[in-house]
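Dropping the structure in here first, questions after.
The values are calculated or read from the model by the stated rules, or taken from the named source; none is laboratory data. Just so it is clear, the structure is predicted and the values come from calculations on it, not from any experiment. Positions of Cβ are generated from backbone atoms using ideal geometry, with glycine treated the same way; all protein chains shown enter the neighbour counts. Ligands, DNA and RNA are stripped out before the accessible areas are found, and what is left, the full protein with its side chains, is counted by its heavy atoms. Shrake-Rupley method; radii C 1.70, N 1.55, O 1.52, S 1.80 Å.
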Amino acid sequence: MAFECQKSIESLRICSIEPSKNRDNLTLESEKIKPLYKLDAKGGIVNSKCEELLTGNEVLPGCQSITELPPVLISEIFNLLEPKELGIVSCACTLLYQIASEHHVWKEFYCERWGQPILQAPFGAGLSDGKLWKELFVEREFRSKTFMGRYTIDMLYGHTEDVRAVFVLASKKLVFTSGYDQIVRMWDLEEGLSIASSEPLGCTIRAVAADSRLLVAGGTGGFIHGWKANEENPHLFDLRASQSEEMQFQVWEHGGPITCLALDFNRMYSGSWDMSIRVWDRSSLECLKVLIHSDWVWNLAPHDTTVASTAGSDLYVWDTNSGSKLAIIGNAHAGYTYSLARSHTGKLLFTGGEDGAIHMFEIFENVTYHVRRVATWIPHLSAVYSLAFEFPWLVSASSDGKLSLIDVRKLLRTNRNSALNSSSKAVNLVDNVEPPQRMLHGFGSNLFAVDVGSNRIVCTGEEGLVRIWNFSQALENEQRVQALRGLRLENRMRRRNRQLETNDKGRRGNQCSFTENKNQLDGHRNSWNNRRKMVWKVKA
């Protein structure tokens, strides 16, 4: 992530400090928003609303700029800044750079976007926790640009029929797929090789989910088939183990096909066409809650004590502890709402439907639970069957055979600056959304499932293939391309300079030859005149 430093920073003063959970109410002098608090020339604090002047001796004696404040107070001010703003402030002076680099807020920035890091590097000598989190954040933010670069495609063969489900376990570099052939297959994400496959489960598998402790699959049979992780196995799961062993289990309680599955630390979630979502205890495999919907359940996305779901054309948000319905968005799409994705913070929801549209919703928890639509894209001509979100990219797969890649960073920045309760601003956001940043297409068949992880996009469809778009070398390739482009430009300039020098030498040579010819002509004329004079002398 390249932070933009201002060329001229006269002095950094506190212009606005207003308590907020979103860290978005501290502004600089260059902004047009009228500050709530400011320091006057004498070191006093002026409240623009109350127009009351507090002398500097009563608050902070002799304080003229932010650098004269105590480091603890500066650290509290930095809590209100966004990552880019914090980077800009750190360019002002050495003191602010040191405080900003060691600030604990970098850990919050990272976890809000991507959750806990997959692998944390050991702390080196003299390297503090804050510095490490800043380095992780900057590196991850820089790597997030890879989806706009060049890629390679790996096609994995093994399934004999349509592949309906895919799940990427990025922490272990594994991919799980299944579909109409009733077999769950495990692949190596980096090498693209088949690792293992299960026995036929007896029904079409429509959903797969996994973490480092458990792998579950569900389908038209109405049961959940699970494999427990084996620490001695380098690939965690033994898919060929017999069902009588303790490493496998099956759960039967749904009255219809299972369409979606999800896991968190203590619970397991399953949605079905029996119009219900069941919440399970992972250790005892007992059903804790049953959430009844008014139509077929298509997808779900849990977070903390809530779970979002799509059923029919509606979007729901539930409290998993009480089983109560927190919010509902009726007719979110024209037709069925097939797909659903959720951010790591749980505050952003993305839905895709039969109408080919993608909606973005934001959840607000004030006195009441409120869900508001803030953006809409229509990148597809047919139904959107699957969505995957990894900050800042939203990836969609559609039956028109295309993948769309949408960067939501600008939209989040715009939404952060808007008033939460202003309906007009929400409408403006919906109307002024940019189109998808990239489209991947060229497939004539339906795409049923997509997932994202480790700078790769994995997609499956009715061709029976598993495609992996590998962007892991995109930045390195772009750097090589830029270097070659610079080398070609340098060689072109050298050739041009040589050509100019050659042309200059040619013009100088022509001028010399012209002068020489002119002198020779003048010499001939002088010799002829001399001979003529001599002839007249002889005659005389």
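Looking only at the stretch 162-187, which residues are of a type in the set (D, E, K, R) and out of contact with any strand residue (DSSP E or B) (no Cβ under 6 Å at 6 or more places or on another chain)?
Residues of the stretch 162-187 of a type in the set (D, E, K, R): 162, 164, 172-173, 181, 185.
Result: Lys172, Lys173, Asp181.
Just to be sure, is Val371 of a type in the set (A, V, I, L, M, F, W, C) and either at positive phi or at pLDDT below 90 (or both)?
no
Pairs needed: first member in the stretch 256-283, at positive phi and at pLDDT 95 or above; second member anywhere, buried (at least 22 other Cβ atoms within 10 Å of the Cβ) and among the hydrophobic types (A, V, I, L, M, F, W, C); C-beta distance under 9 Å; at least 6 residues apart or different chains.
Met275/Val297; Met275/Ala311
Could you go through the stretch 200-209 and let me know if any residue there is without any contact (Cβ under 8 Å) to a residue 24 or more places away in the chain and on the phi > 0 side of the Ramachandran plot.
Checking the stretch 200-209: at least one residue is without any contact (Cβ under 8 Å) to a residue 24 or more places away in the chain and on the phi > 0 side of the Ramachandran plot.
With respect to the numbered conditions (1) under 22 Å from Gly202 (Cβ atoms); (2) out of contact with any Phe, Trp or Tyr (no Cβ under 6 Å at 6 or more places or on another chain), which one is the sole condition not fulfilled by Trp252?
Tallying (1) under 22 Å from Gly202 (Cβ atoms); (2) out of contact with any Phe, Trp or Tyr (no Cβ under 6 Å at 6 or more places or on another chain), Trp252 fails exactly one: (2).
Separate question: Which of the residues belonging to the stretch 346-377 are open to solvent by less than 50 Å² (accessible area, probe 1.4 Å) and assigned to a loop (DSSP other than H, G, I, E, B)?
Selection gives Gly346, Gly353, Gly356, Ala357.
Further question: Of the residues Arg456, Arg492, Arg467, which single one is surrounded by fewer than 19 Cβ atoms within 10 Å (Cβ to Cβ) and of a type in the set (Lys, Arg)? Outline the logic, then answer.
Details: Arg456 fails: surrounded by fewer than 19 Cβ atoms within 10 Å (Cβ to Cβ); Arg467 fails: surrounded by fewer than 19 Cβ atoms within 10 Å (Cβ to Cβ).
One residue alone meets the criteria, Arg492.
Please verify whether the stretch 51-65 includes one or more residues that are open to solvent by less than 70 Å² (accessible area, probe 1.4 Å), at pLDDT 80 or above and not acidic (Asp, Glu).
no
Pick out the one residue from Ser399, Ser404, Ser343, Ser386 that is touching a Pro at 6+ places or on another chain (Cβ under 7 Å) and within 20 Å of Ala449 (Cβ to Cβ). Show your work before the answer.
Details: Ser399 fails: touching a Pro at 6+ places or on another chain (Cβ under 7 Å); Ser343 fails: touching a Pro at 6+ places or on another chain (Cβ under 7 Å); Ser386 fails: touching a Pro at 6+ places or on another chain (Cβ under 7 Å).
The match here is Ser404.
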